[in-house]
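J.: The following block contains the structure, expressed as structure tokens.
The values are calculated or read from the model by the stated rules, or taken from the named source; none is laboratory data. Computed from a predicted structure; not experimentally measured. When we count neighbours, we look across all protein chains shown, and the Cβ atoms used for this are built from the backbone with ideal geometry, even at glycine. What goes into the accessible areas is simple: the full protein's heavy atoms, side chains included, and nothing from ligands, DNA or RNA. Shrake-Rupley method; radii C 1.70, N 1.55, O 1.52, S 1.80 Å.
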Amino acid sequence: MMVMSSTTAKPFPVQTENFVHSQSMEIASLFKNWFEQECSGNAAMLKMLLSVPEAEFVTDKYQRALELAAHIAACRENWLDRMAHGGHSQLDWWPKGESIDAVSRRFERVEVAWREYLLDLSDEALEADFDFLTSDGGLFRWNFRGQLMQLVGHAYYHRGQVSLLVADLGGVTTDTDYLYWALDQQPDRWKRLR
């Protein structure tokens, strides 16, 4: 089975100098860092799904976990389409019946596309609004900063749901919190003071 690795595509360089306390770090750089952590969390989530005993793959609970994982990727795909192209190529928000291999490939594709999109993101661009179509033909306006923040929180929320389902199914879970990813990126910043 193929599992997408967070190292499959070239990640943004993680800014480590005074990362936590820097007032000068651009907000756009923070979103790039959060996205890299999201990619790492998604790769860990896919490994969790693979750790479930194979006999459970046919159960409704496992299929629900896969559906949640596919939904995270679909949301990234659809919001990129809305933010970059006005929402003219929307996909199913809740894909059903996808295999773990298909979900892994989906994450790989969407993460490459998002890295390209975020590459030139600036703080000024974050303050702009964008217009987009919805599947029912509605036209809406929202801002880039707000939607990027929504995507960060949305992924945490659903990965937590997947983790609970994996544990219930007898799989091995991994903590995908930002803190643990950041500590791996900056081990010299973690110090016991007392």
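J.: Could you calculate the contour length gain from Arg192 to Leu50, that is, 0.36 nm times the residue separation minus the distance between their Cα atoms, to one decimal place in nm?
T.: Details: separation 142, 0.36 × 142 = 51.12 nm, distance 3.52 nm.
Once the chain is fully extended between Arg192 and Leu50, it gains 47.6 nm.
J.: Here's another thing I want to ask about it. Using a Förster distance of 22 angstrom, determine the FRET efficiency expected from the C-beta separation of Ser99 and Tyr156, and round it to 0.05. Mind showing how you got there, number by number?
T.: On the way: r = 24 Å, r/R0 = 1.11.
So the FRET efficiency works out to roughly 0.35.
J.: Calculated from DSSP H runs of 4 or more alone, at -39500 (n - 2.57) each and per residue, what is the 222 nm mean residue ellipticity of the chain, nearest 500?
T.: Numbers: 6 runs with 107 residues, N = 194.
-18500 deg cm²/dmol, from helical runs alone.
J.: A follow-up question, please. Taking a ≥ b ≥ c as the square roots of the eigenvalues of the Cα gyration tensor of the chain, is the shape rounded (a/c under 1.5), prolate (a/b larger than b/c) or oblate? Show your work: numbers first, answer last.
T.: Working: a/c = 2.10, a/b = 1.09, b/c = 1.93.
Taking the square roots of the gyration eigenvalues as a ≥ b ≥ c, the chain is oblate.
J.: Between the range 46-108 and the range 155-170, how many Å separate their Cα centres?
T.: 13
J.: Glu26 versus Val172, label points 7 Å from Cα toward the beta carbon: distance in nm?
T.: 4.0
J.: A further question on this structure: Please list Arg159, Arg145, Arg105 from largest to smallest accessible area, probe radius 1.4 Å, with all protein chains kept in place. Before the final figure, lay out the partial values.
T.: Working: Arg159 5, Arg145 85, Arg105 105 Å².
Most to least solvent-accessible, the answer reads Arg105, Arg145, Arg159.
J.: Still on this structure: Highest GNM mean-square fluctuation, the chain, Cα pairs closer than 10 Å: which of Leu46, Leu126, Leu148?
T.: The residue with the greatest mean-square fluctuation here is Leu126.
J.: What accessible area per residue, rounded to a whole number of Å², is obtained for the chain using a probe radius of 1.4 Å? All intermediate terms of the calculation are to be shown ahead of the outcome.
T.: Details: 10730 Å² over 194 residues.
Heavy-atom SASA per residue in the chain reads 55 Å².
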